1. Cα extents of the protein assembly as shown along the three principal axes, largest first, in whole Å?
2. In nanometres, what is the gap between the two model label sites at A:Glu72 and B:Glu39, each 7 Å from Cα along Cα-to-Cβ?
3. Pick out, from B:Ser9, B:Ala63, B:Ser74, the residue whose Cα sits farthest towards the positive end of the charge dipole of the range B:1-75, with +1 on the Cβ of Lys and Arg and -1 on the Cβ of Asp and Glu.
4. Taking only Cα atoms of chain B, what ratio of Rg to Rh do you get with Rh as the Kirkwood inverse-distance radius?
5. State the answer as a single residue: which of A:Gln6, A:Phe100, A:Pro39 lies farthest towards the positive end of the charge dipole of the protein assembly as shown, with beta carbon charges of +1 for Lys and Arg and -1 for Asp and Glu, about the Cα centre.
6. Applying 1/(1 + (r/R0)^6) with R0 = 41 Å to the Cβ-Cβ distance of B:Asn53 and A:Gln17, what FRET efficiency is obtained, to the nearest 0.05?
7. What lysines could a cross-link reach from B:Lys110, if we take a straight Cα to Cα line under 30 Å and drop same-chain neighbours fewer than 8 places away?
8. If the chain between A:Phe10 and A:Phe95 were fully stretched, how many nm would it gain, using 0.36 nm times the residue separation less the Cα-Cα distance?
Amino acid sequence: NAGVTQTPKFQVLKTGQSMTLQCAQDMNHEYMSWYRQDPGMGLRLIHYSVGAGITDQGEVPNGYNVSRSTTEDFPLRLLSAAPSQTSVYFCASSFDGKQFFGPGTRLTVL
Amino acid sequence: GENVEQHPSTLSVQEGDSAVIKCTYSDSASNYFPWYKQELGKRPQLIIDIRSNVGEKKDQRIAVTLNKTAKHFSLHITETQPEDSAVYFCAASINNNDMRFGAGTRLTVKP
C-alpha cells in the first residue's frame, strides 16, 4: 500500500515549456486534489476532482489543467511554464474529508 | 469562496508550556475543520479535525475548539515537547470539498 505517490520529486523548467506532474493513489479514494505551497501562503488549491471524469477549479487554477480518467491517477499539466509557477506542488487524495498528501514535487521555472 | 485566516504566523514557547493557534473562516456553510502538521521538508499530515456539530474534540495533548457563531476555531497543544516544533495549518471546507487552508503557524518549542 504505497498511499499517494508523485513524480518527479524535483524539476527545473524553462519559461514556456510544458510538463505534467504525475499523481497516483492506491487507496480507492474518489476525491483528489492538487495544491501549491509557497512561503508564507500556506497551501492553495489548484484543481480538485470528486471522481473519475469530474474535475473542478480551486483557488488558483490559471495556467494549469487536470484530467481524471481513472480513480487512481490525477495528473497536473502546466501548459506554458512561468516563473510565478515556481513552487512545491502537493497532490492529495481524501476520504471523509481527511486528506492524505503525496511527498511533493519541487518545481523551479527559470 | 471560503477565506481562512490564521494567527499567529510564528509562535515560540518553552517546553512544557501550552500553545494556542487560532483561525477564522468566512463562509458560514463550512462544516469541516481539520488541522495539519508539517515538519521541515515533509508532507502535511492530519493531526486532528472537527465537524460543525461538535464544539470540542480532544486527542491526548491536542484539542480543537469550534465557535460557529463567531466563525473561529482553535488548536490547543498542552505540555509541548520539542518534537511539536513544526508548521501547523488550519483548513475549512463545505462537505469535504474545495478545502481552503490558512497561511500556517510556525511553532518552535524551546527545550
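1. So the extents along the principal axes, rounded to whole Å, are 49, 36, 34.
2. 3.0
3. Towards the positive end, the residue furthest out is B:Ala63.
4. Details: Rg = 13.3 Å, Rh = 13.9 Å.
Radius of gyration over Kirkwood radius for chain B works out to 0.96.
5. A:Pro39
6. On the way: r = 48 Å, r/R0 = 1.17.
That pair, B:Asn53 with A:Gln17, gives E of 0.30.
7. Cα-Cα hits under 30 Å: B:Lys22, B:Lys37, B:Lys42, B:Lys57, B:Lys58.
8. Details: separation 85, 0.36 × 85 = 30.60 nm, distance 2.75 nm.
Between A:Phe10 and A:Phe95, full extension yields an extra 27.8 nm.
Laboratory data are not the source of any read-out in this text; all were calculated from the coordinates shown. Fair warning: this is a prediction, and the values are worked out from it, not measured in the lab. No Cβ is skipped: glycine too gets one built from the backbone with ideal geometry, and neighbour counts run over all protein chains shown.
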